[in-house]
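Only the coordinates and a few stated rules stand behind these numbers; no lab work does. Treat the numbers as computed from the prediction; the structure is a model and nothing was measured. Glycine gets a Cβ as well: all are built from the backbone with ideal geometry, and neighbour counts include every protein chain shown.
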Amino acid sequence: MEGIVMESVWVAVGFAAFVALVWRKAGSALSAMLDARSEKIRTELDEARALREEALDELHQFQRLHREAAEEAKAILKTAEATAERIRENAEKAAEEAIKRREQQATAKINAAEAAMISDLREKAASLAIASAAEIITSKLDDKAGMGLIDEAAAEIEKLN
């Protein structure tokens with residue numbers, strides 16, 4: 001048995017040497033492969049961080065632009081409201097001025113119509129008075145008194161010229 005034990009020991013020692021040699025060669029290859037894989041993962045993580053930072057920068061820029069656009073929209077709205085208020089005030093003033101002008105025109109027309117009517121009434125009253133006077137004179141005066149009145153009127157007319 002001693003021979004079998006010695007053989008087994010030598011087989012075990014040879015196997016251990018073989019495993020050690022293979023492990024050394026395979027371990028360095030495996031280590032290089034794992035190092036390469038680790039480096040690739042590290043590079044991808046760095047790229048992912050850079051992309052994340054870039055995305056965050058873009059997000060912050062977008063949010064800033066959004067705030068600026070919202071502020072600009074508020075300013076535009078405020079300006080539009082102020083402009084609308086000015087337009088409304090101008091329209092009110094124009095309407096008030098138009099109403100005043102029309103009132104003045106109506107008053108002027110009423111005054112002109114009143115003056116024309118008064119003038120018309122005076123003419124009619126004068127005509128009526130003349131016609132009444134002529135009728136009274138013709139019915140009450142005789143020829144001699146009528147001729148005297150005509151002479152007096154002619155003298156009055158000559159004085160006026």
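What's the center-to-center distance, using Cα atoms, between region 39-95 and region 118-132 in Å?
Each part's Cα centre sits 85 Å from the other's.
For a Förster distance of 30 Å, can you work out the FRET efficiency between the beta-carbons of K100 and L77, rounded to the nearest 0.05? Intermediate values should be presented prior to the final figure.
Numbers: r = 35 Å, r/R0 = 1.16.
Step by step, r from the Cβ atoms, then E = 0.30.
Once the Cα atoms of helix 2-140 and of the chain are each reduced to a long axis, what angle between those two axes, in degrees from 0 to 90 to the nearest 10, is obtained?
Taking Cα atoms only, the helix is inclined about 0 degrees.
Could you give the length gained on full extension between A55 and A32, defined as 0.36 nm per residue of separation minus the Cα-Cα distance, in nm?
4.9 nm
Candidates (1) 63.6, 202; (2) 16.8, 61; (3) 20.1, 56; which is the computed Rg and Dmax of the Cα atoms in Å?
(1)
What is the calculated FRET efficiency for H66 to V9, with r their C-beta to C-beta distance and R₀ = 45 Å, to the nearest 0.05?
Efficiency, from the Cβ-Cβ distance: 0.05.
Let me check I've understood the local charge: for L65, count other residues with C-beta under 14 angstrom from its C-beta, Lys and Arg +1, Asp and Glu -1. What total comes out?
So the environment of L65 carries a net charge of -3.
If you line up the long axis of helix 143-160 against the longest principal axis of the chain, both from Cα atoms, how many degrees apart are they, to the nearest 10?
50 degrees
Say R0 is 45 Å: what FRET efficiency, to the nearest 0.05, do A155 and A112 get from their beta-carbon distance?
After rounding, the FRET efficiency stands at 0.70.
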